[in-house]
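Undergrad: Okay, handing you the structure first.
The values are calculated or read from the model by the stated rules, or taken from the named source; none is laboratory data. Everything numeric in this text was worked out from a predicted model, so none of it was measured. Don't worry about glycine lacking a Cβ; one is built from the backbone with ideal geometry, like all the others, and counts go over all protein chains shown. The area values use the complete protein model at the heavy-atom level, side chains included, leaving out ligands, DNA and RNA. Shrake-Rupley method; radii C 1.70, N 1.55, O 1.52, S 1.80 Å.
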Amino acid sequence: MAITIKNDSEIARMREAGHVVAMCHARVEPAIVPGVIVTELDALVRDTIAGLGATSNFYGHQGFRGYICASVNDQIVHGIPGKRRLRDGDIISVDIGAIVDGFHGDSAWTYAVGDVADEVRQLLIDTEAALYEGVAAARAGNRLGAIGHAVEAYAEPRGYGIVRGYGGHGIGRQMWEEPHIPNVGDPRHGLRLRRGMTLAIEPMLNLGGEDTRIMPDKWTVVTADGSWSAHFEHTVVVTDAEPLILTERLAAMVK
Ligand code: MG
Ligand code: MG
């Protein structure tokens, strides 16, 4: 599929989808406490999406049974919500998608459950920072490689394993559109970014090595060495100035 440029009316609808996803994160974060069962978080997001008149783009996708992807500790992405009870010191990546009026929003955040180890807390801080480095590079005139380069330049010197087999993507009328957006790259390579491109940027960083494997459930991606992993994602639109983040949580969103 070709890379699509969105017009203002399409971007307005993507802003609505992004708002729904941000509202879901605002609702789910305070529910992430020791003892909560992952399916309870999934139900909360299901109800929030429905309450805002949107639909989920995860549920039913290739048979996926969840409104969120819930990836705990050494799970990187695509975890299926199950009956696991979260414990103090865990981390959980909650990836949420919503469709409004035919347009998609997509954002993931990794949350600490209670008190986490210092190196784990730093992993969360640094992966979020790597996301914003990548977002800042999504400017009209830059090449696509600038995004992955910005993530890599932040993460690599800090010693994290940068997940290479998965990454960001174009987004719009489909959840996954061209181009694929790796989390490593060369700023001199790749297509030239243009105003109106809408992108999901999503670094995944591991405390250990970069290698991954897929669990027998055929969905859950985990680190090969069992080290813990964090994942942060925003949907953004490229403009002639700063990129606009469509899935940003606003202070006014009710906790
Ligand atoms: Mg996502
Ligand atoms: Mg995504």
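Undergrad: Given the structure, is His78 open to solvent by 10 Å² or more (accessible area, probe 1.4 Å), touching a Ser or Thr at 6+ places or on another chain (Cβ under 7 Å) and either without any contact (Cβ under 8 Å) to a residue 12 or more places away in the chain or not polar (S, T, N, Q) (or both)?
TA: yes
Undergrad: Can you list the strands (runs of 3 or more DSSP E) found entirely within the stretch 161-255 that contain at least 2 residues being open to solvent by 20 Å² or more (accessible area, probe 1.4 Å) and farther than 24 Å from Glu16 by Cβ?
TA: In the stretch 161-255, 212-214 are the strands (runs of 3 or more DSSP E) which contain 2 or more residues that are open to solvent by 20 Å² or more (accessible area, probe 1.4 Å) and farther than 24 Å from Glu16 by Cβ.
Undergrad: Is it the case, given these coordinates, that Ile92 is closer than 19 Å to Ala22 by Cβ and more than 16 Å from ligand 2 (Cβ to nearest atom)?
TA: Values: closer than 19 Å to Ala22 by Cβ: yes; more than 16 Å from ligand 2 (Cβ to nearest atom): yes.
Against the criterion (closer than 19 Å to Ala22 by Cβ and more than 16 Å from ligand 2 (Cβ to nearest atom)), Ile92 qualifies.
Undergrad: Considering only the stretch 1-50, how many residues are open to solvent by 50 Å² or more (accessible area, probe 1.4 Å) and within 26 Å of Asp90 (Cα to Cα)?
TA: 9
Undergrad: Which condition from (1) on the phi > 0 side of the Ramachandran plot; (2) free of Cβ contacts under 8 Å to residues at least 40 places away in the same chain is the one that Gly196 breaks?
TA: Condition not satisfied by Gly196: (2).
Undergrad: Output the number of the condition that Val113 fails; it satisfies all remaining conditions of (1) within 16 Å of ligand 2 (Cβ to nearest atom); (2) hydrophobic (A, V, I, L, M, F, W, C); (3) out of contact with any helix residue (DSSP H, G or I) (no Cβ under 9 Å at 6 or more places or on another chain); (4) within 24 Å of Phe58 (Cβ to Cβ).
TA: (1)
Undergrad: For the stretch 28-73, name all the residues that are more than 15 Å from ligand 1 (Cβ to nearest atom), of a type in the set (D, E, K, R) and under 18 Å from Trp109 (Cβ atoms).
TA: Glu29, Glu40, Arg46
Undergrad: Here is a further query. When the stretch 147-160 is examined, which residues are found to be buried (at least 23 other Cβ atoms within 10 Å of the Cβ) and either free of Cβ contacts under 8 Å to residues at least 12 places away in the same chain or more than 17 Å from the chain's Cα centre (by Cα) (or both)?
TA: His149, Tyr160
Undergrad: Residue by residue through the stretch 101-125, note down the ones that are within 27 Å of Leu144 (Cβ to Cβ), more than 16 Å from ligand 1 (Cβ to nearest atom) and open to solvent by 10 Å² or more (accessible area, probe 1.4 Å).
TA: Passing the criteria: Gly102, Leu124, Ile125.
Undergrad: Mind telling me which of the residues Ala153, Ala224, Ala252 ends up being more than 16 Å from ligand 1 (Cβ to nearest atom), modelled with pLDDT under 95 and among the small types (Gly, Ala, Ser)?
TA: Numbers: Ala153 fails: modelled with pLDDT under 95; Ala224 fails: modelled with pLDDT under 95.
From the options Ala153, Ala224, Ala252, the qualifying one is Ala252.
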